[in-house]
1. Exceeding 22 Å between C-alpha atoms, which entries from my cross-link table qualify? They are Lys81/Lys197; Lys81/Lys238; Lys238/Lys389; Lys197/Lys227.
2. What percent does the relative contact order of the chain come to when contacts are Cα pairs within less than 8 Å and at least six residues apart?
3. How big is D, in µm² s⁻¹, for the stretch 103-161 by Stokes-Einstein at 20 °C and 1.002 mPa s if Rh is the Kirkwood radius over C-alpha pairs?
4. What is the P(r) of the chain, as percent of Cα-Cα pairs per 10 Å bin from 0?
5. Check each of the chymotrypsin sites (Phe, Trp or Tyr not before Pro) in the stretch 26-93 and keep only those in coil by DSSP with at most 12 other C-beta atoms within 10 angstrom; list them in order.
6. Putting +1 on Lys and Arg Cβ atoms and -1 on Asp and Glu Cβ atoms, find which of Tyr7, Leu98, Phe68 reaches farthest to the positive end of the dipole of the stretch 1-159.
7. So for the stretch 110-239, what are the equivalent ellipsoid semi-axes in whole Å, largest first, each being the square root of 5 times an eigenvalue of the Cα gyration tensor?
8. For the stretch 1-51 and the stretch 136-161, what is the separation of their C-alpha centers, rounded to whole Å?
Amino acid sequence: MKLNRNYDNLQESYLFSTVARKAREFAERNPNADVIKLSIGDVTRPLAPVVVEAMKNAAAEMGKAETFRGYGPEQGYDFLKEAIADYYRKEDGVTLDLDEIFISDGAKSDLGNILDLFDADNTVLIPDPVYPVYVDTNLMAGRRIVMLNCTAENGFTPMPDEGQEADLIYLCSPNNPTGAIYTHEQLRAWVDYARRKGAVLLFDAAYECFVTDPSLPRSIYEIEGAKECAVEVCSFSKIAGFTGTRCGWTVVPHALLGGKLNAMWLRRQTTKFNGVPYIVQRAAAAVFTEEGRKQIRENIDYYRENARIIAEALTSLGIRFVGGVHSPYLWMECPNGMESWEFFDYLLENAAVVGTPGAGFGQNGSHYFRLTAFGDRQRTIEAVERIKKLLG
């Protein structure tokens, strides 16, 4: 029996597990400390009432013989796919066929699972810094990874290099962790590059709901030709607070590789995935109702205000940062030239505030730090006051 030796190439533990462990150990050493977490990208606002009501009604259906449902379609119920297609049409001007939309248990799962469709000897182009799942899932498969430098000099929105060959390309906009966002023109350059190279773009749109400027793209399919080269992954976690409820979707267009990839993904899902529970899908569909969208906007605006509060504090301290406008994340330079884990410890020990060290997202994040706006309002204000007192 042989193990997958590619796991030896992974870091000993997942970034957020390390952050949680260090915060827990600090709390154990300091039982009277009031620790505030501005680290992990988990939401704090409850599910919208219309979502909860839809979930209750669906649960009641499951308790009656005439409305009970067993196994559902692995790729998702049409009622939810119709709601998602309508969302794309109204928000982005994008038309999708229902069988191009696949319902999942979240973006994280699909970002890893989609790799089943590609050979291990493909070259993968991944931004640095980046959401760790992109790198780790490809390391597990033994693929060759080329890191794409995201720096302050390129606004954390790097552009393609014609001299670089790639088969798979990860893009995330609005970006996690930096909060930077691509323009239509920049994404057009990436789409053109991918088509010339015969590459597939894996576009992570998990934070599209935070984009408020109509001149900025929310979907890769707003770019002409993108359906011929791009898979888009999205999530209900941030738009509707489904981090504990688990639901997302992936779009695999028919135009991509002549429909081959769509057929392969359908085959993969029907073989390895039993689908998202009916109750959860009914709740997700309620997100896109008129009342649902109204209630969801209130939660998103709540997080936007948290981001504004954090941004105002960093500005007052003279700390350079990006993000916090079209993203719930703020990517700040560590003060006094500190390395990111050094600043993590300094902030935790002296202010009992937890953030996320940029080094955990890649080499280019070694002197940066991510703060999240997903916290409670009063706790966010208290954390900001502690940071201002410590660094002011």
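1. Pairs exceeding 22 Å: Lys81/Lys197; Lys238/Lys389.
2. The value is 23 percent.
3. The calculation lands on 170 µm²/s.
4. Result, from short to long distances: 5, 22, 31, 26, 13, 2, 0 percent.
5. Qualifying residues, ordered by number: Phe68, Tyr71.
6. Looking along the dipole axis, the top candidate is Tyr7.
7. They are 21, 17, 15 Å, listed from largest to smallest.
8. If you average the Cα positions of each part, the centres end up 23 Å apart.
The values are calculated or read from the model by the stated rules, or taken from the named source; none is laboratory data. Note that this is a predicted model, so its numbers are computed, not measured. Every residue, glycine among them, receives a Cβ derived from its backbone with ideal geometry; neighbour counts consider all protein chains shown. SASA here: full protein model, heavy atoms, side chains in, ligands and nucleic acids out. Shrake-Rupley method; radii C 1.70, N 1.55, O 1.52, S 1.80 Å.
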